[in-house]
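Nothing in this text is a laboratory measurement; each read-out follows from the coordinates by a stated rule. Since the model is a prediction, treat every value here as computed from it, not as a measurement. Because the Cβ atoms are built from the backbone with ideal geometry, glycine has one as well, and the counts that use them run over all protein chains shown.
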Amino acid sequence: MIRRIDLRGADPTVDYRAAVPRAEFDIEAATHAVQPIIEAVRERGQEAIAEFSEKFDGVRVDDIRVPAAALTKALDELDPAIRAGLEESIARLRTTCAAELEQDAVTDLAPGARVTHRKVPVGRVGLYVPGGLAPLVSSVLMNVVPAQVAGVPSIALASPPQKEFGGLPQPTILAACALLGVEEVYAVGGAQAIAMFAYGVEPCERVDMVTGPGNIYVVTAKRLLKGQVGIDSEAGPTEIAILADETAEAAYVAADLISQAEHDPLAASVLVTDSETLAADVEAELDKQVAVTKHVERIRTSLTGAQSGIVLVDDVDQGVEVVNAYAAEHLEIHTADAARVAGRIRNAGAIFVGSYAPVSLGDYCAGSNHVLPTGGCACHSSGLSVRAFTKSIHVVDYSREGLAAVKDHVVTLAEAEDLPGHGAAVSVRFP
């Protein structure tokens, strides 16, 4: 079912990142489809959104704002067990987000010379929650909670309209919004939702930043509108890498590979191991477990795709090199002394240590955020957090005495750059 890639005895100069392929995610190709959508929303607003909802979601929505009564009704009718799960996830995520909050840093450089590094929240954000193959209610939490903890004063959320729910987003998504106190919710999906946030479409005012995962059209819209509006990342298909040795439990490893494959036919599931026995056992477990899962066709497509595989390495040391090069969105460590091995990882969106920290824990109740960099971007980017919803401002507070101490340096450096006006702006204060 899943192919093998043998890197044992590989030349030390081999490019491990290229050796473990990913699913094709051609944003450039999607640009031709998305650009007209963005322009139509910018020019024709809600009329264009209604047309795209009818075309792509199969339902026409003339009033895109979700009524407050629909939010209340969704929460009232929410299964108590689901509500309890959401409340626990919210509580844990709030705790970790609060710990991430940065305080202002004040530096006194000399008498009368102070610089304050001030953290302020983004003024207004638009949060996107996909519908697609699964109603990702957990993405409501992962977007909203860090924004709220950061102190963002204005939050709007969009999710695709669903024909079976009369043009409203999926009820569990609405219930989660109500539970979190998010009152501004729109039944808009896809690239048109990102354009709505970026330009502002009555009744939705434009936002400063857009966050949240989505399909290739959502990602393409975020790329095209970056600059018009801030974005979190350009996240592609989800992925898991598992670094494991002979101590790993094959049933656990197989189940975790399947859990990511369940998201999308393009999802990547990669096992990196130095144990041929484990590789064979995992293959056998995949055959057994996939056969009894709900989404067999989707999972099988993902696991048999070019983006998935079992990578054989000489030892755990080489395995660490491979997963660092791959820079997975989610990385599990199933080895002896897993915590020590995890400490050697530089590149991963999130690291799950040991046999009892599956990625699905992080999807819901670990207290971590599941909106993470994909496609190897974990080598330079981080997952969604409170920091994504704040920005820094340097506040420079100098007295006459403080400026006098460095005025000659300022004038000299200004003249070195042939900007005499810069120096004069200082000299004029000391006639």
Give me a comma-separated list of calculated 3J(HN,Hα) values for the stretch 387-392, in order, Karplus coefficients 6.51, -1.76, 1.60 applied at θ = phi - 60°, integers in Hz, x for any Gly or Pro. 4, 5, 9, 10, 9, 9
What aspartates and glutamates does Lys119 reach when the alpha-carbon gap must be under 19 Å and sequence neighbours fewer than 8 apart in one chain are set aside? Glu100, Glu102, Asp104, Asp108, Asp208, Asp232, Asp397
Exposure-ranked with fewest Cβ neighbours within 10 Å first, Lys294, Lys288 stand as Lys294, Lys288
Could you list Met142, Met1 so that the one with the fewest beta carbons within 10 Å of its beta carbon is first and the one with the most is last? Met1, Met142
Can you list the GluC sites (Glu not before Pro) in the stretch 84-149 that are in a DSSP coil and have 16 or fewer other beta carbons within 10 angstrom? Glu102
Karplus 3J(HN,Hα) series, Hz, for the stretch 288-294 with 6.51 cos²θ - 1.76 cosθ + 1.60 (x for Gly, Pro): 6, 6, 4, 4, 10, 7, 6
Using a Gaussian network model on the chain with a 10 Å cutoff between Cα atoms, which of Asp104, Asp208, Asp57 fluctuates the most? Asp104
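Once Rh is set to the Kirkwood radius over Cα pairs, what Stokes-Einstein translational diffusion coefficient, in µm²/s, holds for the chain at a temperature of 4 °C and a viscosity of 1.567 mPa s?
Details: Rh = 23.9 Å.
Here the translational diffusion coefficient equals 54 µm²/s.
Roughly what % of DSSP beta bridges within the stretch 27-231 run antiparallel, to the nearest 5?
On the way: 8 of 22 bridges.
Beta bridges within the stretch 27-231, antiparallel portion: roughly 35 percent.
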Show the residues, 5+ positions off or on another chain, whose built amide H is closer than 5 Å to the amide H of Leu271. Ile242, Gly309, Ile310, Val311
Table column - 3J(HN,Hα) (Hz), the stretch 225-230, Karplus curve with 6.51, -1.76, 1.60, x for Gly and Pro: 9, 4, x, 5, 8, x
Mean-square fluctuation maximum in Gaussian network of the chain, Cα pairs under 10 Å, restricted to Gly383, Gly236, Gly227, hits Gly227
Based only on other Cβ atoms within 10 Å, what is the fewest-to-most ordering of Val120, Val316? Val120, Val316
